[in-house]
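Here's the structure, in structure tokens; my notes come after.
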Amino acid sequence: MDADPPHAPPKPHGIQRAALAALASARSGGAQRGLVVHFTPRFLLGRNATPDRSHGADLLAQCEDREVFRCDLFQGIDTGLLSPFRYLGVPDDVDYAQIPWRSAQFDPEALEAALATEARAANALEQFRRHRSGPAIGFGCSMRHADFMAAYFAARGLRAVAVHSGAGSAPRTTSLERVGRGEIDILLVVDMFNESSTKAWTYPESER
């Protein structure tokens with residue numbers, strides 16, 4: 001049987017824009033890296049919100065070390081592209097050094113067990129009452145953690161609901177609308193309003 005005919009190498013394409021630099025890094029997505037190599041773009045423009053990666057991958061090298069434009073957080077605020085914010089560091093008694101670190105993240109079950117406690121919830125509630133100035137968003141490390149915190153706040157007279165991808169989630173759209181109308185004090189979420197969010201939402205008086 002005759003061997004398969006050799007495939008001609010792909011011709012260079014005039015691709016000028018591609019949001020593939022991060023995906024093509026040495027420590028992420030082999031399929032995306034192969035796509036960049038296959039098309040051999042004459043000029044690859046990578047866009048990334050987090051160029052300084054925790055795993056140490058060199059994203060700029062994917063674009064031949066040519067940085068076209070960079071705007072960090074404080075530049076964005078100074079130029080009016082982002083809203084200014086106030087950051088408050090509050091006490092947390094969790095000993096994170098005792099939580100196992102696996103695959104570039106805390107062990108999910110151990111982290112949940114450490115965070116979903118009465119003591120930590122009581123501290124969160126105290127800080128919330130001390131610093132709040134309107135509806136707030138709370139971030140859970142898991143669906144159980146978000147449900148636990150919502151139940152804890154609700155049991156103490158606050159209008160709190162949890163929104164996530166699980167069966168027990170409050171309705172996403174109507175919950176956001178209720179926060180906007182001031183009908184919810186705190187919205188506990190999982191994988192929303194962060195880098196993996198699927199829905200953009202802006203409410204200037206909410207506090208994170």
Report summary line: Of the residues in segment 147-183, those that are under 25 Å from ARG120 (Cα atoms), part of a loop (DSSP other than H, G, I, E, B) and open to solvent by less than 60 Å² (accessible area, probe 1.4 Å) come to LEU158, HIS164, GLY166, SER169, ALA170
Report task. Among what's in segment 38-78 and is among the aliphatic types (A, V, I, L, M) and in a loop (DSSP other than H, G, I, E, B), pick the residue that is modelled with the highest pLDDT. Result -> VAL68
Report summary line: Going through (1) modelled with pLDDT under 95; (2) over 26 Å from PRO84 (Cα atoms) one by one, GLU177 fails only at (2)
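One line per residue, one yes/no per condition, for (1) more than 21 Å from ALA150 (Cα to Cα); (2) at pLDDT 85 or above:
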position	(1), (2)
GLY80	yes, yes
ARG86	yes, no
GLN98	yes, yes
GLN105	yes, yes
LEU115	no, yes
ALA122	no, yes
GLY134	no, yes
Query - Pairs where the first residue, in segment 83-109, is hydrophobic (A, V, I, L, M, F, W, C) and the second is assigned to a loop (DSSP other than H, G, I, E, B) and open to solvent by less than 80 Å² (accessible area, probe 1.4 Å), C-beta under 6 Å, 6+ apart - result: PHE106/ILE99
Query - Long-range neighbours under 9 Å by Cβ, at least six apart or interchain, first residue in contact (Cβ under 8 Å) with a residue 12 or more places away in the chain and acidic (Asp, Glu) within segment 168-191, second open to solvent by less than 70 Å² (accessible area, probe 1.4 Å) and assigned to a helix (DSSP H, G or I) - result: ASP185/PHE128; ASP185/PHE153; ASP185/VAL179
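The values are calculated or read from the model by the stated rules, or taken from the named source; none is laboratory data. Keep in mind it's a predicted model, so treat the numbers as computed, not measured. For neighbour counting, all protein chains shown are included, and Cβ atoms are generated from backbone atoms with ideal geometry for every residue, glycine included. Surface areas here come from the heavy atoms of the whole protein model, side chains and all, with no ligands, DNA or RNA. Shrake-Rupley method; radii C 1.70, N 1.55, O 1.52, S 1.80 Å.
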